[in-house]
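Visitor: Would you mind keeping the following structure in view while I ask a few things?
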Amino acid sequence: MTAEYRHLQSPLLRQLALTLALPIAACAPSTSTMQLYPLQGEIADSDPTLVIRATAKNTTGTSGALTFRLPERGKCSGTWSSLTPRKVSNSKGLALTWKKTGGEVGTARETVAGVNNGEIYAVCDDGTRVQGTFVIGSGTASGTGQASDTNGNVYKLLF
């Protein structure tokens, strides 16, 4: 194989690899990071600067898995869920336009803009339970809220 041929082949292979990689990357599940800031309790008393990072999966949907680690409590696993209102409209009937001739039947769904409520719930390896609520903007993966655990700790939740 000549050097000239290798020079032409390399950009083609790179372009082919990139073309194949983009659809695969688009199928990857969406994740976001949530931060829990201890406000009250033994964790806040021992280290008020601690930031507990949680990973929320499927953040393009309305619920998903949630994982994080609490100090001296181990791994915590649970779920986050957001109540996203939708506007549903049904259509049926006769259309007499040049572009749409004939009958029309269908359902349209769209997300209503606004602020939506959500909850988190997780159980840690030692049995500690963490529960909280948050508000999130429609069509975003950002919000704010508060959570507490069964050991008396209170957290500010930001994502």
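Visitor: Against the definition (modelled with pLDDT of 85 or more, part of a loop (DSSP other than H, G, I, E, B) and surrounded by 11 or more Cβ atoms within 10 Å (Cβ to Cβ)), how does Asn116 come out, yes or no?
Guide: Details: modelled with pLDDT of 85 or more: yes; part of a loop (DSSP other than H, G, I, E, B): no; surrounded by 11 or more Cβ atoms within 10 Å (Cβ to Cβ): yes.
Taking the combined requirement at face value, the residue does not satisfy it.
Visitor: Another question about this same structure. May I ask you to verify whether Ser63 is surrounded by 15 or more Cβ atoms within 10 Å (Cβ to Cβ), within 17 Å of Thr144 (Cα to Cα) and more than 9 Å from the chain's Cα centre (by Cα)?
Guide: When the stated conditions are applied, Ser63 does not pass them.
Visitor: Considering the range 133-159 alone, what residues qualify as being of a type in the set (Ser, Thr, Tyr), touching a strand residue (DSSP E or B) at 6+ places or on another chain (Cβ under 9 Å) and either part of a strand (DSSP E or B) or over 22 Å from Glu42 (Cβ atoms) (or both)?
Guide: Thr133, Ser138, Ser142, Thr144, Ser148, Tyr155
Visitor: Also, quick follow-up: Report those strands (runs of 3 or more DSSP E) wholly inside the range 1-106 carrying at least 3 residues which are in contact with an Asp or Glu (Cβ under 9 Å, 6 or more places away or on another chain) and modelled with pLDDT of 90 or more.
Guide: 74-83
The values are calculated or read from the model by the stated rules, or taken from the named source; none is laboratory data. Being a predicted model, the structure only gives us computed values, none of them experimental. We place every Cβ from the backbone using ideal geometry, glycine too, and count neighbours over all the protein chains shown.
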